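Some notes on the structure that comes next.
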Amino acid sequence: MKNEKVSLITKPNTTLANKTGAWRTAKPMTDLLTCIGCSLCAKICPEGCIVMGEISESAANGKKLKPKNKKLKPKTDYNYCKGCGLCTHECLVKAIKMIKDY
Amino acid sequence: MSKPESKQILEGSRAIALTIKNIAPAVVSAYPITPQTHIVEDLAKMKADGQAGFEYIRAESEFAAASIVLGASAAGSRVYSATSSQGLLLMAEVVYNISGLRLPIVMTTANRAISSPINIWNDHSDVMSIRDAGWIQLFAANHQEAVNAHILAYKLAEKLKLPVMINVDGYILTHSYESVIIPEPKKIKKFLPAYRPENGTYLNPDNPVTLGAFFTPAHYMETREALHEDLLASLEIIKKEYREFQKIFKDETRLAAMPFKGNVYSDGLVVYYGPNKPKTILVALGSLNGTILETIKDLKNIGLLKIKVYRPFPAESINKFITRTKNIAVIEKAINFGQAGPLYCDIKAGLSAAEAKNLNIKDYIVGLGGRDVTKKMISKIIKDAGRRDASVKFVGND
């Protein structure tokens with residue numbers, strides 16, 4: 001190729017350099033205290049942007065966590081979340097709200 | 001000096017299949033369609049009879065066949081496919097993917113009209129639909145030219161990382177018999193070494209790479225510009241490789257040359273037959289050139305320009321010859337609906353304003369859907385070429 005800066009052959013995972021989260025016009029925000037940690041949102045996210053992980057006291061705004069809140073909680077990767085709203089729609093306890101993001 | 005291979009009387013399809021067998025691709029995949037069928041039928045039989053070492057992968061459609069050779073090529077293999085007409089249209093998406101991925105795939109198109117109305121006979125409508133897809137487009141005028149073009153095609157494809165399509169007129173070349181020399185594998189290897197792509201440029205579990213990744217607006221345009229520039233730059237390399245080809249394949253070059261008493265000039269991209277200052281120059285692609293040459297052989301003041309390489313478009317080579325006269329008659333087997341014939345449009349676009357000023361270029365659409373193109377029609381076109389009237393005409397009857 002004449003333009004060596006742009007190569008058609010790349011290493012696996014390098015496509016992650018393309019941060020596609022900017023395509024979003026609405027952003028899903030999860031209230032981790034309401035969340036029951038069922039992981040439905042992580043399972044249905046079409047972009048694979050939600051992973052379940054441990055929640056820290058600081059993420060819960062310093063509030064004491066009840067037993068139901070000690071489960072693994074969803075963490076959304078906003079670098080690639082396109083704001084489709086499926087997680088919000090499917091959440092059993094309405095813990096996820098879409099907010100304007102533009 | 002090696003003993004010249006013997007001439008054989010072969011069907012065009014058989015000649016192409018035997019050439020492919022000697023070029024020895026690792027993977028062949030195709031879906032049968034008239035008039036390409038004999039080529040891939042022959043290859044499948046060679047495989048079944050244990051005469052060929054390639055994998056022959058049967059496909060459920062042309063889309064699948066093109067995708068299979070795409071995958072095999074991406075995995076570092078030399079591959080081959082062939083198609084026609086509707087089959088090429090069904091492949092269209094993959095045809096673009098192949099050039100976009102810069103895969104050195106070689107494919108034969110046995111040119112046929114496209115539907116509707118359904119028609120299985122020859123014209124160039126099929127290839128014209130994907131002529132700008134980023135492939136090198138070669139056209140053969142006779143059997144030996146087709147054989148030679150396939151060997152050259154693999155050399156170009158693998159050297160330039162560009163796919164190459166060889167266009168042979170359906171029936172006229174694929175189903176007729178001519179005398180041909182099929183070069184032996186040993187001789188082909190002298191010109192075309194075994195395909196060994198560089199490590200890290202193909203799919204390999206030991207050294208994983210990504211081909212065909214996602215390109216955002218920040219980078220996509222550079223890939224298009226690079227493909228365009230590489231195609232244009234390949235004109236010089238095609239010329240060079242053709243000179244190299246002629247040195248190794250002397251008998252094959254001689255047999256491919258169409259007999260003509262007058263002057264013949266060739267640069268590997270185009271061939272000009274005729275006087276230095278002709279009254280009219282006819283321009284054509286593919287097997288039409290045989291009929292035209294037969295018509296003009298005794299005419300003192302008519303020239304013929306045969307286009308062998310259609311993409312990249314050899315504007316400079318064409319202009320060098322057509323500016324020798326005033327009257328140009330482009331004779332072609334395709335029409336861009338609502339515009340004019342594709343070759344005519346290309347020739348006009350390739351001329352500078354100064355060059356175009358004195359030229360009377362006319363476009364004659366002939367032979368659509370297998371309508372016979374006769375010497376009488378060519379004579380009629382020669383007479384008409386000097387008149388300054390409608391620039392695009394359909395010539396369908398004697």
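Just to be sure before I move on: is B:GLU225 surrounded by fewer than 12 Cβ atoms within 10 Å (Cβ to Cβ), among the acidic types (Asp, Glu) and over 30 Å from B:GLU252 (Cα atoms) in the structure I sent? No, not satisfied. Of all residues in region B:279-287, one or more are of a type outside the set (A, V, I, L, M, F, W, C), closer than 16 Å to B:ILE347 by Cβ, not assigned by TED's automatic domain parsing to the domain that holds B:MET165 and not in a loop (DSSP other than H, G, I, E, B). Filtering B:ASN111, B:ASN148, B:ASN97 for residues that are within 14 Å of another protein chain (Cβ to nearest Cβ) and either of a type in the set (S, T, N, Q) or surrounded by fewer than 19 Cβ atoms within 10 Å (Cβ to Cβ) (or both) leaves a single hit, B:ASN97. Counted as qualifying within region B:309-363 are no helices (runs of 4 or more DSSP H), as none has 2 or more residues that are without any contact (Cβ under 8 Å) to a residue 24 or more places away in the chain and basic (Lys, Arg).
For beta carbons closer than 8 Å, sequence separation of 6+ or different chains, a first residue in region B:70-83 that is under 13 Å from B:TYR56 (Cα atoms) and a second that is part of a strand (DSSP E or B) and at pLDDT below 95, there are no qualifying pairs.
Scanning region B:197-224 for residues that are at the interface with chain A (Cβ under 7 Å from one of its Cβ atoms), aliphatic (A, V, I, L, M) and part of a loop (DSSP other than H, G, I, E, B) turns up B:VAL209, B:ALA213. Of the candidates B:GLU252, B:GLU178, B:GLU244, B:GLU229, the single residue that is within 14 Å of chain A (Cβ to nearest Cβ) and outside any loop (DSSP other than H, G, I, E, B) is B:GLU229.
B:ASP132 satisfies every condition listed in (1) over 26 Å from B:GLU198 (Cα atoms); (2) over 15 Å from the mean Cα position of the chain (by Cα); (3) of a type outside the set (Ser, Thr, Tyr) except (2). Of the residues making up region B:196-237, those that are over 23 Å from A:ALA17 (Cβ atoms) and either in contact with a strand residue (DSSP E or B) (Cβ under 6 Å, 6 or more places away or on another chain) or among the small types (Gly, Ala, Ser) (or both) are B:ALA233, B:SER234. Within region A:1-21, if we keep just the residues that are charged (D, E, K, R) and either at pLDDT 90 or above or buried (at least 16 other Cβ atoms within 10 Å of the Cβ) (or both), the residue that is nearest to B:PHE215 (Cα to Cα) turns out to be A:LYS19.
Please indicate, with yes or no, whether at least one residue in region B:95-103 is at negative phi, among the aromatic types (Phe, Trp, Tyr) and free of Cβ contacts under 8 Å to residues at least 40 places away in the same chain.
Start the filter on region B:95-103 by keeping residues that are at negative phi, which leaves B:95-101, B:103.
Next cut, among the aromatic types (Phe, Trp, Tyr) only: B:96.
Now drop any that are not free of Cβ contacts under 8 Å to residues at least 40 places away in the same chain, which leaves B:96.
The answer is yes, given that some residue of region B:95-103 is at negative phi, among the aromatic types (Phe, Trp, Tyr) and free of Cβ contacts under 8 Å to residues at least 40 places away in the same chain.
Of all the residues in region B:263-274, those that are more than 20 Å from B:LEU235 (Cβ to Cβ) and buried (at least 17 other Cβ atoms within 10 Å of the Cβ) number 2. Give region B:120-150 a look and list any residue that's of a type outside the set (A, V, I, L, M, F, W, C), part of a loop (DSSP other than H, G, I, E, B) and farther than 18 Å from B:GLY341 by Cβ, or say none. Those that are of a type outside the set (A, V, I, L, M, F, W, C), part of a loop (DSSP other than H, G, I, E, B) and farther than 18 Å from B:GLY341 by Cβ: B:GLY134, B:ASN142.
The values are calculated or read from the model by the stated rules, or taken from the named source; none is laboratory data. Everything numeric in this text was worked out from a predicted model, so none of it was measured. Virtual Cβ from ideal backbone geometry, glycine too; neighbours counted across all protein chains shown.
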